[in-house]
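Encoded as structure tokens, the structure appears first; notes follow it.
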Amino acid sequence: MLKRALAFICFYTTSAHSAIPILPTDLPASGEAIFIGSTTSRNFDFEGDYFNSIFLERATIDSNSSSKSFDLGIDYGLSNKDSILAQFDYLIDGSDASHFNYLVPSGKVSYEKQYSGLGDLRVRYKRILADHDEGKFTFDVSTTLPVGNDDAGQSQILVNGIEVQSKKKGGASNGRVDYAAGLAYSPNTNSGFTPYADMGYTIRGKKTVEGIKIVSGNSIGVSFGFVFPLNAAHLDASLFYIGHSDGYSGDMQIASSNTTGLSISFSSFMERNTLVRVGGALISSKGGTITDKTDGSEIKYHTQNGTAFMLEIIQSY
């Protein structure tokens, strides 16, 4: 995972007298609908090295990936024990840029790509497996469907500042079908201090772009956190880990990588039915080496640290 700066605003709207979801084990009540809207701004920065042993090419790499998107969804309580969520994202604007600063031979090659449009639709079913005096277990399964435009577009290429290929904007959809499953647990406590654990596994589908088969690595995610009351506010802190398996794009082999981070947020009721949450995260990633099997060239990323910032508004009525 790349260095990241993230800021987003989320709006959750529920019917009156409902409990606003805070924990990963929370579900809407039977017949209750939770409408979700969010806007997200992401920024990834990372550095690396490029080496080709056949042509004796060597370069340092500076890259950036940024995007602004808007999500809409609805989570509906089928009963007091299960719910179904449907959510899609729309990418307002996104860009990827990489600059290869060649040491041998001397020179600079830059790549920049832009993309926007409707992304993917995510459908999730979530169910309470157990809810007793000791705590609550939930289970969920989901699929992500490529409903939007998955056109790869075309990167602008500059060689020493001279354009050799023009830019063509691509679509926002991943162009594949993914499947995921997850478990969450939160114990019942009398102190108001509530720890929780959440884990999930994602199987990513294959796709073919212009005759090139692309396989993204599957991933597993685990987080441990707690919610702690602070008078009229709550503190939510968690540690998380995300591991990605190997993948490939044509003859390009993408090695496994892992991401760890610390997330902290504060939430407070501004009015009876309005919750405001602000927070941030520190993120560190390792791995992600890309190797071309045809000529042995290698891209190795070594700086992949990031931050995240969040503002969230939850409202029930």
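Every number in this text was worked out from the coordinates using simple rules, so none of it is lab data. Quantities reported herein were computed from a predicted structural model and do not represent experimental measurements. Virtual Cβ from ideal backbone geometry, glycine too; neighbours counted across all protein chains shown.
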FRET efficiency for Arg127 and Ala232 from the Cβ-Cβ distance with R0 = 30 Å, rounded to 0.05, comes out at 0.40
Between Phe193 and Ile162, Cβ-based FRET efficiency (R0 51 Å, step 0.05) works out to 0.25
Multiplying the sequence separation of Ala181 and Asp295 by 0.36 nm and subtracting their Cα-Cα distance, what value in nm do you get? 37.2 nm
Considering the options Leu85, Leu282, Ala237, tell which one lies farthest towards the positive end of the dipole of the chain, charges being +1 on Lys and Arg and -1 on Asp and Glu at the Cβ, about the Cα centre. Leu85
Cα→Cβ-extended label distance, 7 Å offset, between Lys169 and Asp49, nm: 3.9 nm
If each K or R counts +1 and each D or E counts -1, the residues other than Leu91 whose Cβ falls under 15 Å of its Cβ total -2
To the nearest 0.05, what FRET efficiency results for Ile212 and Thr274 with a Förster distance of 41 Å applied to their C-beta separation? 0.25
With each pseudo-label sitting 7 Å past Cα toward Cβ, what's the Leu78-Ala29 distance in nm, one decimal? 2.1 nm
Cβ-based net charge around Met252, under 15 Å, with every Lys or Arg adding one and every Asp or Glu removing one: -1
Net charge of neighbours whose Cβ lies under 15 Å from the Cβ of Thr25, counting Lys and Arg as +1 and Asp and Glu as -1: -4
The chain, Gaussian network, Cα under 10 Å: of Gly73, Gly31, Gly280, the residue fluctuating most is Gly31
Can you list which of the chymotrypsin sites (Phe, Trp or Tyr not before Pro) found in the range 187-254 are DSSP loop residues with at most 15 other C-beta atoms within 10 Å? Phe193
Work out the length of the dipole vector of the chain about its Cα centre, built from +1 on the beta-carbon of each Lys and Arg and -1 on the beta-carbon of each Asp and Glu, and round it to the nearest 20 debye. 180 debye
How far, in nm, would the chain grow between Ala152 and Lys108 when pulled straight, counting 0.36 nm per residue and subtracting the alpha carbon separation? 13.4 nm
Inter-centroid distance (Cα atoms) of the range 242-317 relative to the range 68-113, Å: 11 Å
The range 215-317: trypsin sites (Lys or Arg not before Pro) in DSSP coil with no more than 13 other Cβ atoms inside 10 Å: Arg272, Lys293
Estimated vicinal HN-Hα couplings, Hz - the range 197-214 in sequence order (Karplus 6.51, -1.76, 1.60; Gly, Pro = x): 9, 9, 9, x, 10, 10, 9, 9, x, 9, 8, 10, 10, 6, x, 9, 7, 10
Given the options Gly182, Gln156, Leu145, identify the residue whose Cα lies farthest towards the positive end of the charge dipole of the range 115-187 (+1 on Cβ of Lys, Arg; -1 on Cβ of Asp, Glu). Gln156
